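Shown next, in structure tokens, is the structure this report addresses.
The values are calculated or read from the model by the stated rules, or taken from the named source; none is laboratory data. In this text, all values refer to a predicted model and were calculated from it rather than measured experimentally. Quick reminder, even Gly has a Cβ in these numbers, built from the backbone with ideal geometry, and neighbours come from all protein chains shown.
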């Protein structure tokens, strides 16, 4: 309970900072001709692909199965392996570098959170946090870096 109380206190302390991020990065609507992603997500996708790529694939908009960020055009998955294969060696290094780049440039790009290797880094409450087991390599983000924008 003490850890939870600390986190609640920290979130209350950061409330105005979080509100200013939300105000700065007002939600955008997906645009026609951009693959269903928002202009902000398209900029993040193109920037990360240029700076960190190439990636085997980059998947963004999904019209079914994701009522959250992919479904609203606010997320992309930067695959470092394909076929549900656990990243290791150079693929894991690419994922590590991609996640670090996203964190370092989050404020400038309007990134809300990053998921990589069953951990989430949320810019509204910085720091890596473990996530529950979702049951597989892809579901646990061991083969791709997920990036969501405001």
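Observations on the model:
- Condition check for residue 61: modelled with pLDDT of 95 or more, surrounded by 13 or more Cβ atoms within 10 Å (Cβ to Cβ), at negative phi and part of a loop (DSSP other than H, G, I, E, B): no
- Inter-residue pairs, beta-carbon under 8 Å, first closer than 19 Å to residue 75 by Cβ and in the range 15-40, second exposed (fewer than 10 other Cβ atoms within 10 Å of the Cβ) and at pLDDT 65 or above, 6+ apart: 36/63
- Here is the figure for the range 93-110: residues that are closer than 16 Å to residue 52 by Cα and touching a helix residue (DSSP H, G or I) at 6+ places or on another chain (Cβ under 8 Å) total 7.
- Residue 84 meets the conditions (1) within 21 Å of residue 46 (Cα to Cα); (2) in a loop (DSSP other than H, G, I, E, B); (3) in contact (Cβ under 8 Å) with a residue 12 or more places away in the chain in every case but one. The failed one is (1).
- Residues of the range 124-150 satisfying the condition of being within 12 Å of the chain's Cα centre (by Cα) and buried (at least 21 other Cβ atoms within 10 Å of the Cβ): 141, 144, 145, 147, 148, 149, 150
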